[in-house]
Amino acid sequence: MRRAKSCGPKGTGQKGRAKRDGQDSAMKSITLLGASGSIGQSCLDVVRQHPQVFRIEALVAGRNATQLIKDALEFRPACVALADASQAPAVAHALAGQGIEVLAGRDGLLEACQRPNDICLSAITGIAGLEPTLAALTATRRLALANKESLVCGGSLLMEAAQRHEVAIIPVDSEHSAIFQALHQQPRKALRNVVLTASGGPFRTWSADAIAQAKPEQALAHPNWDMGAKVTIDSASLMNKALEFIEALYLFDLQPGDIEVVVHRQSIIHSMVQFHDGSYLAQLGAPDMRSPIAYALTYPDRAALNVAPLDLMTLGRLDFEAPRHSDFPLLKMAEHAWQEGPAAMIAFNALNEEAVAAFLGGRFTFGAIARVVVEGMDKAWNQPIGGLSDIQDADKSARRLAQERIARYAEA
Ligand code: NDP
């Protein structure tokens, strides 16, 4: 196993140190990508609990103008940005006279990402988060990364850019935060393997036939976590664990054989690492994303947080089992995509993003998601991938193929 590259503490360079009039220079400024989403709202709650420590520099969202306006009025950022430019006039009208700049569209979004800040939390969903995250790396000192799809699709580009700009990447995904915490200050050569835990999702005990016929409301009923729709569907198919598998390879500089996926239905152990002396270090906590978010914002310190403690007596036991690969085929495809290379990982993600959107749109039942992805991965995805435009081209081409397959499986 080689050493982790840029996932860890960084120097104390001055880049990105931003201060607004009348504010304490010791306060950390945060640019929040995906502010209106589940992670974004959890992050704002952490900030709400620590108004003396954090301030919001920029709020970036897709199209939820109502939430953005509400949060802008509460947190008073220097700027807000929406991907959907048609919403900009309504936001500008609502924030008129507040001293908050309103930006919109792709260029506006990238401009917001490039405002100097101390911490950028990247929580846009899907590959849509990649370009803003890359832009943010030019202006921040720390990337708190939730958007796993940007690592899956542009892992090398993102890790290299982080290193070039001397930005530390601190994982937000609960599993990767757990691994990061367990590895902290441990000799890396002592690491035997990483145990990535998975809740198993709502279909953990369902029969293959029932899974295939499942409807969106069933797949959206996650037993432990309250998350955005796309990641919740990915949890139900174990695609989320597949994406996290690749995310862990990049973040911790691992090889596929270094990671074991274990189903742990209670989502209390967020992941663990095993050392050569037979010791395991695990990180436990209630399933509440505010804890790993706060850790990513405060590392190497810890902030007090108003989250529910674990009730161990009520919990009583922790269960572990092997994943049912035959009924959840997307998990194993992560290793295949990784071995095939960057174009295959981009296709893997794009096929899934399109299939999940079609499923949520009611075009077919749950089983078709895996069929669209597995059949799409039969194609040889091996074109060379250099920069962002190569990634975007490969993404488009996989989405075209996904749409053909989706049309085949869509119900009349
Ligand atoms: P949500 O769907 O709840 O939120 C997604 C956010 O991204 C929203 O703010 C949305 O804006 C914004 N967005 C979507 N498309 C665009 C776009 N093209 N340009 C700009 N902004 C856009 O997702 P989650 O918060 O659940 O997840 C976000 C990321 O974090 C995902 O990558 C997920 O895998 C990861 N993650 C999530 C966890 C969770 O508990 N939720 C746990 C660990 C990781 P709007 O709504 O305004 O359109």
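With both residues required to sit in the chain, DSSP beta bridges show an antiparallel share near 25%. Taking the chain as a Gaussian network of alpha-carbon nodes connected by springs under 10 Å, the highest mean-square fluctuation of the residues MET239, MET159, MET27 belongs to MET27. Note on TYR280/LEU388: beta-carbon distance plugged into 1/(1 + (r/R0)^6) with R0 of 45 Å gives a FRET efficiency of 0.70.
Leaving out ligands, DNA and RNA, and with a 1.4 Å probe, what % of the accessible surface on the chain is carbon or sulfur? That share works out to 50 percent. Taking 19 Å as the cut-off for C-alpha to C-alpha distance, list the pairs among LYS332/LYS379; LYS70/LYS148; LYS215/LYS332; LYS148/LYS241; LYS189/LYS332 that go past it. Cα-Cα > 19 Å for LYS70/LYS148; LYS215/LYS332; LYS189/LYS332; rest within.
Extension gain, LYS332-ALA410: 0.36 nm per intervening residue step, less the Cα-Cα distance, totals 25.6 nm.
When the Gaussian network model of the chain links Cα atoms closer than 10 Å, the mean-square fluctuations of LEU351, LEU249, LEU59 top out at LEU249.
Taking 0.36 nm per residue of separation and subtracting the current Cα-Cα distance, fully stretching the chain between ARG400 and ARG48 would add 122.5 nm. The charge dipole of the chain, taken about the Cα centre with unit charges on the Cβ atoms of Lys, Arg (+1) and Asp, Glu (-1), comes to about 640 debye, rounded to the nearest 20.
Over the chain, give the accessible area per residue in Å² for a 1.4 Å probe, as an integer. Intermediate values should be presented prior to the final figure.
Working: 17160 Å² over 412 residues.
Heavy-atom accessible area per residue stands at 42 Å².
Ranking LEU59, GLY200, GLY386 by Cα position along the charge dipole of the chain, where only Lys, Arg, Asp and Glu carry charges on their C-beta atoms, puts LEU59 farthest toward the positive end. Under the classification rounded if a/c is under 1.5, otherwise prolate if a/b is larger than b/c and oblate if not, where does segment 269-412 fall, given a ≥ b ≥ c as square roots of the Cα gyration tensor eigenvalues? Note, shape of segment 269-412 comes out prolate. When a/c is below 1.5 the answer is rounded, else prolate if a/b is larger than b/c, else oblate, so apply that to segment 26-118 with a ≥ b ≥ c taken from the square roots of the Cα gyration tensor eigenvalues. It is prolate, given that a/c is not under 1.5 and a/b is the larger ratio.
Placing one equal scatterer on every Cα of segment 162-206 and applying the Debye formula, the log10 ratio I(q)/I(0) at q = 0.25 Å⁻¹ is -0.99.
Given axes a ≥ b ≥ c from the Cα gyration tensor, I'd like to know whether segment 105-183 is rounded (a/c under 1.5), prolate (a/b larger than b/c) or oblate.
On the way: a/c = 1.75, a/b = 1.43, b/c = 1.23.
Note, shape of segment 105-183 comes out prolate.
The GNM of the chain, with springs linking C-alpha atoms under 10 angstrom apart, assigns the highest mean-square fluctuation among ALA90, ALA139, ALA398 to ALA90.
With θ taken as phi - 60° and the coefficients 6.51, -1.76 and 1.60, list the Karplus ³J(HN,Hα) couplings across segment 246-252 in order, rounded to whole Hz; mark glycine and proline as x. Listing the rounded values in order: 5, 4, 5, 4, 6, 5, 10 Hz. Only helices enter the 222 nm calculation for the chain: every DSSP H run of n ≥ 4 contributes -39,500 (n - 2.57), and dividing by all residues gives -13000 deg cm²/dmol, rounded to 500. Considering only ILE369, TYR409, VAL231, the residue lying farthest towards the positive end of the dipole of the chain is VAL231, judged by Cα position with unit charges set on Cβ.
For the chain, what is the relative contact order in percent, using Cα pairs closer than 8 Å and at least 6 residues apart in sequence?
Working: 771 pairs, mean separation 64.8, N = 412.
RCO, the chain: 16 percent.
What the Cα atoms of the chain give is an Rg and a Dmax of 20.7, 62 Å.
The values are calculated or read from the model by the stated rules, or taken from the named source; none is laboratory data. In this text, all values refer to a predicted model and were calculated from it rather than measured experimentally. Because the Cβ atoms are built from the backbone with ideal geometry, glycine has one as well, and the counts that use them run over all protein chains shown. For accessibility, only protein heavy atoms count, side chains too; no ligands or nucleic acids. Shrake-Rupley method; radii C 1.70, N 1.55, O 1.52, S 1.80 Å.
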